[in-house]
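Data first, discussion second: the structure below is written as structure tokens.
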Amino acid sequence: MLKRVNFKKGKKLDLTHSVSIERAVLSSIIFRPDEIFSAVKILGIEDFYLKAHQDIYRIMLELYNQDMPIDEDFIRKRGVGLNFNDSILIDILTANPITNVEAYCIEIKEDSKIRKIQDLSKKIPKYIAENVKSDDVLYNLQKDIEIIENQNLIDAVTTKDLISQVISDMKKAAENGSQIVGQPSGLKALDNIIGAFEDGDLIIIAARPSIGKTSIISNLTIKTLSDKNGVLIESLEMPSKKIMMRLIASKSEENLTDLKKGLVKNKDAFNKAIKFFESSELIINDKSYPTLTELQSRIKGTLRKNPNIKNVFVDHTGKIQLLGKTREDIEIGQISSMLKKIARDYNIRVFLLQQLNRGLESRDNKRPILSDLKNSGNIEEDADIVLGLYRDSYYKKDKKKESLYNPNQTTVEDAEIIVLKNRDGSVGTAHVSFEGRYARFQDKKNEEPLIIEFEK
């Protein structure tokens, strides 16, 4: 078994690299060139500790990309003037080739990541000496950590593999009644337009205050939990207790105001709702005004501990603390790009709630459009789907203050969920109903008159 290299007597064992393991991998590639396929999925050039080994591996990759033989003669010819000589090449050639190249490549990768962490730790005293602000230090360190985190094994997916995945998704969709593979909203009118929210999507939900942004979270959360997937809600505006009460009201069809008064009309439905949420994987965080770094760390930490989480809701951008070091639009762009990256890296859906500009209220037609998004440029670019919420009753001139969002209202209001952007599909308007007393959106009930035909 190969061992890590020891320094001379009196010096500590170097835990950050193993020359013998690096030699074994390079030797195996020379004697069995097909092993390059295993190595290239895992190792970058910089993952080798010795500069000489980096140069030799770089030449191997060049030969591989050019369909040239990866052998001693070609390596020696291309290595003129580089960091290795015949002696080093002979050391590699005389090393015993190994059978499990992948395992040894993983070991080299691990050593490489440890060295990068060591280098990262050296930056902290420098930041302190330069009196860099703590938020800036954390932000920079987080970016560096992300780079290291993302240096996981790179599974080179072949065209054959991709086609297999596509066919598999098509079969699943067909078996599911020709539904797009992903997370349906639970609202048929909306699903008819978007199909489903897919893994890796960043979805923006935008509206003026009190239109129903938080209510649609209830809809989507209950649907996700019903499908046995986990949900994380980052409620930056509303306390977690209020979110929980809204969810219970929506699930049990109990009036939200009644619940606040301790009143329950249907105890069975109420108890079923309680059991539903108790047995579900639902996490609600409600710390307001986090910095971008704090929010990122909190979300990623929760996702690592709870891998079954498939939907993350962030409510909303206006409650994220901007540092004011750059223009507001750039900082908000950093929020959307960070959340998009999380969606891609963790293969989940991330929903970002956003306030619309006041400017739309000066228009005759107050239905939202993309330009109504506050600092919309970056958000629009990062988003896969943008939904705008609209309720006509909100804008009626004769409305009283209590008619904005009133849980006591028993009437069912008309509402629209406008698909403003859909990267992979169509746009349009989903006509739905809004039930304020249950804090939820619903499909519109068939309003066609019932025709009864009597026998002659």
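The values are calculated or read from the model by the stated rules, or taken from the named source; none is laboratory data. Being a predicted model, the structure only gives us computed values, none of them experimental. So basically every Cβ, Gly included, is an ideal-geometry build from the backbone, and we count neighbours across all protein chains shown.
Only one of 352, 339, 420 is surrounded by 17 or more Cβ atoms within 10 Å (Cβ to Cβ), in a helix (DSSP H, G or I) and at pLDDT 85 or above. Can you tell me which? Spell out the reasoning first.
On the way: 352 fails: in a helix (DSSP H, G or I); 420 fails: in a helix (DSSP H, G or I).
Criteria check complete, one pass: 339.
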> Out of (1) free of Cβ contacts under 8 Å to residues at least 60 places away in the same chain; (2) among the hydrophobic types (A, V, I, L, M, F, W, C); (3) out of contact with any Lys or Arg (no Cβ under 8 Å at 6 or more places or on another chain), the odd one out for residue 114 is which?
Replying inline: (1)
> Which condition does residue 278 not pass, out of (1) surrounded by 16 or more Cβ atoms within 10 Å (Cβ to Cβ); (2) over 25 Å from residue 356 (Cβ atoms), if it passes all the others?
Replying inline: (1)
>> Being surrounded by 17 or more Cβ atoms within 10 Å (Cβ to Cβ), out of contact with any strand residue (DSSP E or B) (no Cβ under 6 Å at 6 or more places or on another chain) and among the hydroxyl-bearing types (Ser, Thr, Tyr) is the filter here; which residues of the stretch 208-242 pass it?
In response: 214
> Within the stretch 229-245, can you find the residues that are in a loop (DSSP other than H, G, I, E, B) and at pLDDT 90 or above?
Replying inline: 229
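Within the stretch 248-259, does at least one residue satisfy the condition of being surrounded by 15 or more Cβ atoms within 10 Å (Cβ to Cβ) and under 30 Å from residue 372 (Cα atoms)?
Scanning the stretch 248-259 turns up at least one residue that is surrounded by 15 or more Cβ atoms within 10 Å (Cβ to Cβ) and under 30 Å from residue 372 (Cα atoms).
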>> Among the residues of the stretch 76-101, what is the count of those that are of a type in the set (D, E, K, R) and modelled with pLDDT under 85?
In response: 1
> On the given criteria, is residue 346 of a type outside the set (Val, Ile, Thr) and modelled with pLDDT of 85 or more?
Replying inline: yes
>> Testing residue 132 on (1) in a helix (DSSP H, G or I); (2) within 30 Å of residue 344 (Cβ to Cβ), one condition comes back false. Which one is that?
In response: (1)
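Just for the stretch 277-293: of the residues that are part of a helix (DSSP H, G or I) and in contact with a Leu (Cβ under 7 Å, 6 or more places away or on another chain), which one is farthest from residue 245 (Cα to Cα)? Break it down stepwise before answering.
Step one: list which residues in the stretch 277-293 are part of a helix (DSSP H, G or I), which gives 277-278, 292-293.
Adding the requirement that they be in contact with a Leu (Cβ under 7 Å, 6 or more places away or on another chain) leaves 277, 293.
Working: 277: 11, 293: 29 Å.
Among residues in the stretch 277-293 that are part of a helix (DSSP H, G or I) and in contact with a Leu (Cβ under 7 Å, 6 or more places away or on another chain), the one farthest from residue 245 (Cα to Cα) is 293.
Those residues that are charged (D, E, K, R) and either under 16 Å from residue 313 (Cβ atoms) or touching a residue at least 40 places away in the same chain (Cβ under 8 Å) (or both), I need them from the stretch 186-220; list them, please.
First, pick out the residues of the stretch 186-220 that are charged (D, E, K, R): 188, 191, 198-199, 201, 208, 213.
188, 198, 199, 201, 208, 213, listed by residue number.
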> Among the residues of the stretch 103-119, which ones are surrounded by 14 or more Cβ atoms within 10 Å (Cβ to Cβ), within 29 Å of the chain's Cα centre (by Cα) and not aliphatic (A, V, I, L, M)?
Replying inline: 105, 107, 109, 111, 112, 113, 115, 116
> Which one of these is in contact with a Lys or Arg (Cβ under 8 Å, 6 or more places away or on another chain) and either at pLDDT below 65 or farther than 30 Å from residue 415 by Cβ (or both): 161, 155?
Replying inline: 155
> What's the number of the condition residue 321 fails, among (1) without any contact (Cβ under 8 Å) to a residue 40 or more places away in the chain; (2) under 16 Å from residue 335 (Cβ atoms); (3) out of contact with any strand residue (DSSP E or B) (no Cβ under 6 Å at 6 or more places or on another chain)?
Replying inline: (3)
>> I need the full set of residues from the stretch 82-119 which are among the hydrophobic types (A, V, I, L, M, F, W, C) and in contact with a helix residue (DSSP H, G or I) (Cβ under 6 Å, 6 or more places away or on another chain), in order please.
In response: 82, 84, 88, 92, 95, 98, 101, 105, 108
>> Can you tell me which of (1) at pLDDT below 85; (2) farther than 29 Å from residue 132 by Cα is the one residue 318 doesn't meet?
In response: (2)
> So which residues in the stretch 288-315 are of a type in the set (S, T, N, Q) and in contact with a strand residue (DSSP E or B) (Cβ under 7 Å, 6 or more places away or on another chain)?
Replying inline: 291, 302, 306, 308, 311
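Here's the yes/no breakdown for (1) over 23 Å from residue 392 (Cβ atoms); (2) part of a helix (DSSP H, G or I); (3) modelled with pLDDT of 85 or more:
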site: 192; (1), (2), (3): no, yes, yes
site: 200; (1), (2), (3): yes, no, yes
site: 210; (1), (2), (3): no, no, no
site: 221; (1), (2), (3): yes, yes, yes
site: 225; (1), (2), (3): yes, yes, yes
site: 247; (1), (2), (3): yes, yes, yes
site: 270; (1), (2), (3): yes, yes, yes
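So is residue 257 among the β-branched types (Val, Ile, Thr), closer than 29 Å to residue 412 by Cβ and modelled with pLDDT under 85 or not?
yes
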> If a residue has to be in contact with a helix residue (DSSP H, G or I) (Cβ under 7 Å, 6 or more places away or on another chain) and modelled with pLDDT of 90 or more to count, how many in the stretch 281-313 make the cut?
Replying inline: 7
